[in-house]
Amino acid sequence: MVGEELELFIHSQGAKPKVAMTRPHETLREVLVRSEILKEGQDDLLVFVGEWEEALTEGDEIEEGEDRHEAVDVSLTVEVLELHRHPHIHVHKCKLVAVEVNFNGRTKQHRFSPATTIGVVTRWARKKFELDGAAGAAYVLQICKTTKQPRPSEHLGELVKSSVCAICFDLVKEITPQG
Amino acid sequence: MDKPDQRLFDADVASAEFRAGALKGYWGLAGTDVLAEQPAWPARILWIAAAPREKAPDRYYVRLDLSEYRTDAPTGTFWNPNTTATLEFGLRPKGRPGSRVAMVFRTDWENGRAFYHPYDRVAAKGHSDWLRDQPSLIWDSDHTIVHHLEEIHSLLNSGDYLGL
C-alpha cells in the first residue's frame, strides 16, 4: 500500500454510512474531520475500526456476555491502523450496545461492539436459541414493537439512538411469499 | 442529461452500502468482461455472488428494469451473459422445495420474468395481501438497490439454496 488511494466506510450513530477516500500517511482524525464526522479537537466520541464478530465465538453456557473491542487512537495514520484490512470505521458515543433478543418466551442478552453487523447479531441469536442449520436461516431480527427488520449489513451503531446504548429485537421467522 | 431516476440510481451505486458490498465480493454492476456497455436506461445488469454448489456458477447476473427508481421497486430476473438474454429456466438457481429460495426464484409464475418477492414491482402489484403479511418488505422510496441486492444475495447464500 505505497501511497495508493484507499476507500473507507464511515459509520456513525443514527446515520447512513459515508464513503471517504484517503491515503496511507493521513491520520484517522484528518479523515474524520474532512468527512465532517468529527470537529477539530473533538474527543468525546469513540472510534472503532473493523467489523466485530467476537460474539460468534462465545460459549453456549455464557449469559450476558460482553465484547472487548477497544477504541483506537485517531492520531495514528491510516497505514499504522492497517485500514486497508479494516475499511469500516465506526464513530460512536457508546462503547458497547446492550442487546436483548426475545424468542419463544425466552430472552438472551449480550453487550456488543457498535461495530457489529446485524448479520453477526442474528447468527449469535440463532446459536443461543439453538436454531442452527437450514431451519435457523429462516429466522431474522425485528426491532421490538416495530415491523422493521434491519438489513444484515447494517451495524448496531447505526440503529441505536444517540441517547441510549441499547436495543431490543424479536427473533422472528421470515415469511415465505405465498399466493 | 440523465433522468432523475437514473441519477438516483447512480448515487446509490456510489453509496457506502453498495460499495462495501462490492468490496466484499457480494455484488456489482456487470463489467466489460461480460458486456460492452450497460443497456440503455432504465435497464441495468448486475451480478450477485452465490454460495459454492457443485456445477453451479459462483455468481448470477440479473437484468433489472429500474423505471421510476426509487419511487417504484425494480423488476426483473436472471440474465445469461453468454446469450445476452433472459436466463433459461434450467440454469436458474434452485431452492429446497417449499423454501423462500424456491418461492422467490420460481419459474411457474409470470413466465419467470420477475422475482416472486415484495421488492419486485410486478410481484408486489399482484399481491396486496403482502402489505399486511410482510410489512417489513414493502418497497418505499427509502429503499435502495442495496436492499434488493442484499435480499437476493441472502437467498443465494442460504442453506436452502441447492445450486442448479
Item checked: ³J(HN,Hα), Karplus 6.51/-1.76/1.60, whole Hz, each residue of the stretch B:22-38, x for Gly, Pro -> 5, 5, 7, x, 7, 6, x, 6, 4, x, 6, 5, 10, 7, 4, 7, 5
Item checked: Tilt relative to chain A, helix A:118-128 - C-alpha long axis, 0 to 90 degrees, to 10 -> 40
Item checked: Nitroxide proxy distance, nm - points 7 Å out along Cα→Cβ at residue A:62 and residue B:110 -> 4.6
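Just to confirm the filter: which trypsin sites (Lys or Arg not before Pro) across the stretch B:1-69 are DSSP coil and have at most 14 other Cβ within 10 angstrom of their Cβ? Let's see the in-between values first.
Numbers: sites: B:7, B:19, B:24, B:44, B:53, B:55, B:59, B:63; in loops: B:24, B:53, B:55.
Here the trypsin sites (Lys or Arg not before Pro) that fit, given the DSSP loop and packing criteria, are B:24, B:55.
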Notebook entry, point to check: About its Cα centre, how strong a charge dipole does chain B have in debye, to the nearest 20, once Lys and Arg get +1 and Asp and Glu get -1 at the Cβ?
Noted result: 440
Next item on the list: Would you work out the charge dipole size for the stretch A:40-138 about its Cα centre, treating the Cβ of every Lys and Arg as +1 and the Cβ of every Asp and Glu as -1, and quote it to the nearest 20 debye?
Entry: 460
Item checked: Cα-projected label distance for residue B:33 with residue A:4, points at 7 Å along beta-carbon direction, nm -> 1.6
Notebook entry, point to check: Ordered by residue, what ³J(HN,Hα) values in Hz, to whole numbers, does the stretch B:129-140 give under the Karplus form 6.51 cos²θ - 1.76 cosθ + 1.60, where θ = phi - 60° and Gly and Pro are x?
Noted result: 5, 5, 4, 7, 7, 10, x, 6, 10, 7, 6, 9
Check: Out of A:144, A:165, A:94, any idea which swings most in a Gaussian network model of chain A, alpha carbons joined below 10 Å?
Finding: A:144
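May I ask for the net charge around residue B:38, where only other residues with Cβ less than 14 Å from the Cβ of residue B:38 are counted and Lys, Arg are +1 while Asp, Glu are -1?
On the way: positive: B:44, B:63; negative: B:2, B:10, B:33, B:37, B:65.
Summing Lys/Arg as +1 and Asp/Glu as -1 gives -3.
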Next item on the list: State to the nearest 20 debye the size of the charge dipole of chain A about its Cα centre, where the only charges are +1 on K and R beta carbons and -1 on D and E beta carbons.
Entry: 800
Next item on the list: With unit charges on the beta carbon (Lys/Arg positive, Asp/Glu negative), name the residue among A:20, A:143, A:71 whose Cα is farthest towards the positive pole of the charge dipole of chain A.
Entry: A:143
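Readers should treat all values here as calculations from the given coordinates under stated rules, not as data from a laboratory. Predicted, not measured: the structure shown is a model, and the values here were computed from it. So basically every Cβ, Gly included, is an ideal-geometry build from the backbone, and we count neighbours across all protein chains shown.
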